Amino acid sequence: MMQNKVLKIHPEDNAIVALQDLQQGETVTLGNESYLLLDNVEAKHKFVAQDVPKGGSIKMYGVLVGIANEDLPKGTLLTTANIHHATNDYRVRERKIEWQKPPIENWKDATFLGYHRSDGSVGVANYWLVIPMVFCENRNVELMKEALLDNLGYQTHKKYNKFTKNLLDLYKRGSDLADILNADFDASTAKSNNRIFPNIDGVKFLTHQGGCGGIRQDSAALCGLLAGYITHPNVAGVTVLSLGCQNAQVSILEKEITKRSPNFDKPMYILEQQKIGKESDLLPEAIKQTFAGLIEANKIERKAAPLRQLCIGLECGGSDGFSGISANPAIGYTSDLLVALGGKVILSEFPELCGVEQGLSDRCVSEQKAARFAELMKSYSERAVKAGSGFDMNPSPGNIKDGLITDAIKSAGAAKKAGNSPVADVLDYPEKVTMPGLNLLCTPGNDVESTTAEVGSGATIVLFTTGLGTPTGNPIAPVIKLSSNTALFNKMNDIIDINTGTIISGEETIAEAGSRILNFIIEVASGNQSVKAVLNGQDDFIPWKRGISL
């Protein structure tokens with residue numbers, strides 16, 4: 001299929017996206033329009049479709065994304081030098097919640113095989129957690145990890161250990177430095193999968209740097225997040241290690257658990273070091289109780305559940321100039337399918353919604369929810385400015401190099417993950433998702449902090465798009481990685497599961513890719529398909545401290 005050279009995303013846009021490298025002096029045609037390029041334009045970057053005067057608006061996705069710093073003749077490459085970030089203001093106004101649901105006939109009777117919990121939720125995995133209430137307990141958690149993982153058959157592959165041993169053998173045999181530096185690495189080394197408990201996907205250890213020493217609000221938020229993980233559908237039970245004197249008291253955790261699950265009945269073993277005493281008394285007891293809990297958790301088996309029981313997080317990281325026209329709208333279509341089927345989806349990363357607030361506000365099902373969204377966005381932005389930053393500083397050097405030259409451009413593409421459905425609810429970190437439909441969750445744009453938060457709010461699977469490549473995972477929820485371009489997928493398919501570069505090449509429509517993604521989700525949710533982040537043991541977990549993190 002013939003690939004177009006350029007793309008105009010929205011009829012009102014005056015910025016055109018290059019789908020392949022274009023040369024200065026080249027003339028490209030789109031529809032009835034022709035453009036003589038005044039500069040080299042690399043794939044993923046943009047040029048102006050018409051003369052734009054100094055101070056004039058630059059539009060993409062139908063919204064303002066920048067202001068010209070100088071006169072820009074038609075065909076000029078857009079750069080950080082000749083435009084700057086700009087957005088329109090927004091307000092609560094008339095609701096626009098009518099939407100065209102995508103066809104769902106292929107999935108209306110579909111099911112996945114999940115773990116049914118007593119509160120009516122259904123998990124896609126079955127994990128046991130070991131959680132410290134405070135960073136002082138991290139070492140004890142690590143000692144438990146050392147004692148349990150290998151013996152229970154959950155240790156991740158040791159191919160790098162084997163490689164190091166091979167280098168040691170070369171050194172001991174007297175090999176010179178050149179031989180050692182040229183040693184071959186065997187990437188095919190298999191991991192042991194002799195699990196003692198076949199119905200338990202793993203034991204996960206959520207070490208962190210919080211729980212004391214900061215402001216009390218941070219400890220309260222941490223307890224809320226940990227409660228979200230403990231009550232999560234993918235979790236069977238938990239062992240909690242408390243020092244005793246920390247700000248994050250067990251009583252606060254218990255209140256947060258009750259708030260999320262009033263009839264909480266999962267096994268939870270709490271051990272306080274300052275009460276028990278010696279490490280040699282604490283850890284054997286913690287290991288025994290954990291082992292007893294695993295025996296009970298292993299009795300749970302997968303059973304069929306409707307797709308409305310899924311809760312999917314929508315995330316992006318290491319984005320590029322193609323993310324907003326391939327991977328993000330593809331999972332946006334998947335999001336719409338899930339909403340139409342009665343499921344829940346979560347869009348977070350509020351600094352990356354800068355410039356698209358009006359559209360999302362209009363989609364909120366009530367004025368009260370629209371007002372809360374505006375309040376959360378504005379208060380977060382104000383705190384960022386007071387800290388000497390701002391949402392406009394969100395794009396990373398990698399984002400900028402690959403075409404996302406203003407936060408408004410990045411945000412307009414990032415918002416495509418949300419599809420077109422109404423916004424059912426607006427939540428602040430670390431609140432739990434309860435409403436079917438699209439939920440907005442206030443989090444940073446930081447990949448791991450945001451993914452950690454989405455799962456804490458109830459996401460059982462996370463769809464994570466990337467244009468540059470990032471390995472982000474989560475301890476208890478499969479993170480499905482999707483590339484925006486085929487070159488990245490071919491280069492880094494050891495950490496990426498799905499390629500949506502087929503949209504850029506014209507091999508697939510957004511709807512076709514979004515449908516393919518939903519079918520993949522069902523296989524993952526049923527335990528039939530492993531994702532790369534899980535296979536690689538990528539257990540990223542970073543709680544958000546409510547300071548400024550962009």
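Annotations for the structure displayed:
- For segment 455-550, a crude dipole built from +1 on the beta carbon of Lys and Arg and -1 on the beta carbon of Asp and Glu, taken about the Cα centre, is about 360 debye to the nearest 20.
- Taking only the alpha carbons of the chain, we obtain Rg and Dmax values of 24.8, 79 Å in that order.
- Separation in nanometres of the label points that stand 7 Å from Cα toward Cβ, at ALA371 and LEU177: 7.0 nm
- Listed peptides 367-380, 21-34 by packing density, highest first (mean Cβ within 10 Å): 367-380, 21-34
- Relative contact order of the chain, taken over Cα pairs closer than 8 Å and 6 or more residues apart, is 18 percent.
- Positive dipole terminus of segment 1-128, leading residue within TYR90, ALA15, ALA43 (C-beta point charges): TYR90
- Simple spin-label estimate for LYS299 and HIS10 gives 5.6 nm between the two label positions (7 Å along the Cα-to-Cβ direction from each Cα).
- Under 20 Å from LYS386, Cα to Cα: lysines that are on another chain or at least 8 residues apart: LYS378, LYS545
- Antiparallel DSSP beta bridges within the chain, percent to nearest 5: 35 percent
- The relative contact order of segment 263-380 comes to 21 percent, based on Cα pairs under 8 Å that sit 6 or more residues apart.
- Per-residue SASA entry for MET393, accessible area with 1.4 Å probe, Å² rounded to 10: 120 Å²
- Of the accessible area of segment 261-351, computed with a 1.4 Å probe over protein heavy atoms only, carbon and sulfur atoms account for 50 percent.
- Solvent exposure of the chain as accessible area per residue, Å², 1.4 Å probe: 42 Å²
- Cβ-Cβ FRET estimate between ARG195 and LYS101, R0 fixed at 45 Å, reported to 0.05: 0.60
The values are calculated or read from the model by the stated rules, or taken from the named source; none is laboratory data. Not measured: the values here are computed from a predicted model. Glycine also receives a Cβ, built like all others from the backbone with ideal geometry; neighbour counts cover every protein chain displayed. These area figures cover heavy atoms from the full protein model, side chains too; ligands, DNA and RNA do not enter into them. Shrake-Rupley method; radii C 1.70, N 1.55, O 1.52, S 1.80 Å.
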